[in-house]
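Single-structure report; data block below.
The values are calculated or read from the model by the stated rules, or taken from the named source; none is laboratory data. Owing to the predicted nature of the structure, the values given are computational and were not obtained by experimental measurement. We place every Cβ from the backbone using ideal geometry, glycine too, and count neighbours over all the protein chains shown.
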Amino acid sequence: MAQQLFVLVVEDDDLLRSIITRNLRAAKYMVFEAPTFRKAIDEMSVKPNLMILDINLPDATGWDVAEWLEEHMTGVPIIVISGAVKPTPAQMKKYQANAFLPKPFDMEELLALIEQYAPTITNS
Amino acid sequence: MAMRDLATLPFRSIARPRWYDPLGYAAALLGVATATGIMWLARSILSLGSIYLVYMVVVVAVAVGWGLAQSIVASATAVLATNFFFIQPIFSFTVAAFQDALALAIFLALATLTSQLVARLRREASDARRGELIESTLYVLSETINRQHNLGALLDEVAGQLRLVLGLSACDIELDDPGGLGVVSAHSAEAEDVGVESDEGQESAATVVRVPLTRGDRATGTLLLTLPDPKKRLGDEESRLVNSFVESLQTAIERARLQQAAVQTEVLRRTDELRVAMLSAVAHDLRTPLTSIKTAATSLLNPKMVWDDEDSQAFLHAISGETDHINRIVSNLLDVSRIEEGRMRPEKKPHHIGAVIDNVLQRLQQRLSEHAVDTRIEPGLPEVPMDEVEIDEALTNLLENCLKYTPPSTPIHISARRRANMLEVEVADEGAGIPPAQLPQLFDRFYRVRADRKTKGVHGLGLGLSIVKGIVEAHGGKVSAANRPGGGACFTFTLPIPQPVSSDLTT
């Protein structure tokens with residue numbers, strides 16, 4: 001891989017975030033982590049190539065992150081992960097989320113989704 | 001106890017004259033005797049005419065005070081006394097002169113006539129008073145019914161009013177339970193009537209009148225009037241009064257029942273809401289650790305990945321730790337149901353609290369690693385009877401609570417000391433503390449301190465502290481929560497220290 005892809009993981013559960021991060025690093029992605037909305041905005045000083053987004057955050061909802069992202073940069077694919085709320089198709093469309101993965105999910109599935117959406121960025 | 005229907009209800013009366021009142025006869029005799037004594041001493045200066053007048057005053061006074069029967073007795077006694085003491089020959093009931101006999105007869109006739117007049121006036125006045133009393137009673141009753149919305153309290157008040165107004169020795173209202181609202185009853189009795197049931201003489205003197213309460217043609221309850229004396233009868237006003245009472249009572253009962261039914265429906269609805277909320281909270285709480293287990297396991301299972309030892313260990317630790325997490329959720333739920341059903345029965349054996357605290361700290365070592373834990377156990381604490389597993393559970397819940405609500409790297413303080421006959425265990429943190437308004441509900445089931453947007457996200461069912469309370473109370477102790485003066489929350493529970501039995505009691 002000529003250039004490492006930058007993936008931002010926004011998830012408040014420390015353990016789950018660390019598991020996802022370990023997988024992404026092993027798959028040669030560059031990973032930044034954010035447990036909160038505030039931290040997510042900090043991490044987006046560099047535009048991520050893809051974002052994994054939990055809907056339930058302690059200081060906001062994942063949709064707030066998506067909204068902020070939409071206002072500040074374009075073309076970042078979003079994979080939504082959530083255990084409690086299943087997003088409506090309208091929400092997915094509004095925030096330009098590419099995929100939804102309900103918790104608990106198979107790690108292989110998440111990696112497959114990342115692979116599916118990440119190249120569209122590198123090609124453009 | 002004899003039963004009667006309403007029409008024959010004897011009535012102790014609202015100050016109605018009572019012909020059998022023994023006090024009245026005693027007063028009549030005493031009045032005549034006193035007047036006779038005084039006049040005997042002053043007989044040298046009194047004419048027979050004055051003597052008749054003095055007796056007339058006594059007769060009228062008795063008529064005013066008690067009634068016709070008593071005043072007739074007073075008249076007859078006065079005639080006999082005049083004849084015996086003041087008419088020649090004295091100390092004999094013979095009358096020598098014809099005009100003396102005539103005077104006596106005229107006095108008797110006049111006294112009887114006056115008695116009748118006075119008694120009638122008296123009765124009319126008392127009837128008017130009773131009419132007023134009945135009216136004001138009905139007013140008070142309707143006011144009570146309008147004001148009092150609690151059925152039990154309403155019945156108590158009404159029973160009390162009815163007893164006072166009718167001069168009953170007891171008044172009971174018993175409601176049947178057609179709508180599943182629970183049988184409600186009220187009892188009002190004279191204080192001195194407490195021993196009635198055990199005293200056969202008194203018991204046989206009392207009569208209970210049963211008045212059915214109905215709704216449409218269905219019986220809804222019974223009004224029981226216990227009368228102190230079975231000989232008297234109910235007057236028209238009293239009958240009407242009881243009927244009005246019963247009518248108003250039926251309306252009030254109906255209204256209260258409808259209200260109570262509405263309240264119960266609301267309670268059921270809220271219970272259902274709570275159940276739904278609990279189920280969704282449980283689902284969310286279980287899904288978080290399940291997600292970590294699933295992702296860690298599928299990471300290890302992914303054939304495309306090659307993991308080094310450190311990663312593999314991390315995944316396996318995650319799986320193991322989150323399995324414990326789920327297990328804690330499940331045991332908390334089981335504890336809640338045990339507490340709820342009153343099945344929390346601690347198997348108490350003497351344990352040293354220090355050892356239990358050490359065990360908990362050791363088990364939570366990894367999760368507490370970011371906090372400095374400061375433990376202070378007062379030296380020389382006795383062993384205290386406790387269910388080690390349950391107290392361990394209570395301490396674990398308190399510490400997990402600290403972990404949930406305090407930022408990493410803040411210290412946690414655990415202390416145990418003796419306070420009189422109690423062992424006091426305290427778990428304190430240096431977090432944000434508890435909003436004072438929320439302190440009272442803290443130990444309620446499903447209660448969680450409302451998360452501040454700035455603090456870290458708090459998940460959980462809000463069961464932990466309610467479990468601590470259930471466990472500690474099952475041990476005979478108490479729980480409390482407060483804010484530390486320097487900031488942070490402080491939870492305390494106590495366990496009773498058994499007192500040594502003093503030697504002079506053990507024989």
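To keep it simple, each residue is scored yes or no on (1) more than 10 Å from chain A (Cβ to nearest Cβ); (2) at pLDDT below 75.
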site	(1), (2)
B:GLY221	yes, no
B:ASP229	yes, yes
B:GLU238	yes, yes
B:SER248	yes, no
B:HIS284	no, no
B:THR298	no, no
B:GLU310	no, no
B:HIS317	no, no
**Request:** Of the conditions (1) within 22 Å of B:MET305 (Cβ to Cβ); (2) away from chain B (no Cβ under 14 Å); (3) of a type outside the set (A, V, I, L, M), A:THR21 clears all except one; give me its number.
**Result:** (2)
**Request:** Select from the stretch A:41-53 the residues that are modelled with pLDDT of 90 or more and either more than 14 Å from A:ILE79 (Cα to Cα) or within 12 Å of chain B (Cβ to nearest Cβ) (or both) and list them in ascending order.
**Result:** A:ILE52
**Fill in**
The condition from (1) modelled with pLDDT of 90 or more; (2) more than 20 Å from B:ARG287 (Cβ to Cβ) that A:ASP106 misses is numbered (2)
**Request:** Answer yes or no as to whether B:ILE326 is in contact with a Leu (Cβ under 7 Å, 6 or more places away or on another chain), within 14 Å of chain A (Cβ to nearest Cβ), under 30 Å from B:LEU399 (Cα atoms) and modelled with pLDDT of 80 or more.
**Result:** yes
**Asked** Does B:SER292 qualify as being surrounded by 15 or more Cβ atoms within 10 Å (Cβ to Cβ), within 14 Å of chain A (Cβ to nearest Cβ) and either farther than 30 Å from B:LEU225 by Cα or touching a helix residue (DSSP H, G or I) at 6+ places or on another chain (Cβ under 7 Å) (or both)?
**Response** yes
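Per-residue answers, yes or no, for (1) part of a loop (DSSP other than H, G, I, E, B); (2) in contact with a helix residue (DSSP H, G or I) (Cβ under 7 Å, 6 or more places away or on another chain); (3) of a type in the set (Gly, Ala, Ser):
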{"position": "B:SER299", "(1), (2), (3)": "no, yes, yes"}
{"position": "B:SER312", "(1), (2), (3)": "no, yes, yes"}
{"position": "B:SER320", "(1), (2), (3)": "no, no, yes"}
{"position": "B:ASP324", "(1), (2), (3)": "no, no, no"}
{"position": "B:SER337", "(1), (2), (3)": "no, no, yes"}
{"position": "B:ARG343", "(1), (2), (3)": "yes, no, no"}
{"position": "B:PRO350", "(1), (2), (3)": "no, no, no"}
{"position": "B:GLY354", "(1), (2), (3)": "no, no, yes"}
**Item:** B:ALA103 assigned to a helix (DSSP H, G or I) and modelled with pLDDT under 90
**Value:** yes
**Asked** Take the residues of the stretch A:84-121 that are basic (Lys, Arg) and within 14 Å of another protein chain (Cβ to nearest Cβ): which is surrounded by the fewest Cβ atoms within 10 Å (Cβ to Cβ)?
**Response** A:LYS86
**Request:** Considering (1) touching a residue at least 40 places away in the same chain (Cβ under 8 Å); (2) farther than 30 Å from B:LYS404 by Cα, say which one B:VAL282 fails and leave the rest.
**Result:** (2)
**Message:** I want to confirm something. Restricting to the stretch B:78-95 and keeping residues that are outside any loop (DSSP other than H, G, I, E, B) and of a type in the set (Phe, Trp, Tyr), which single residue is nearest to B:SER50 (Cα to Cα)?
**Reply:** B:PHE86
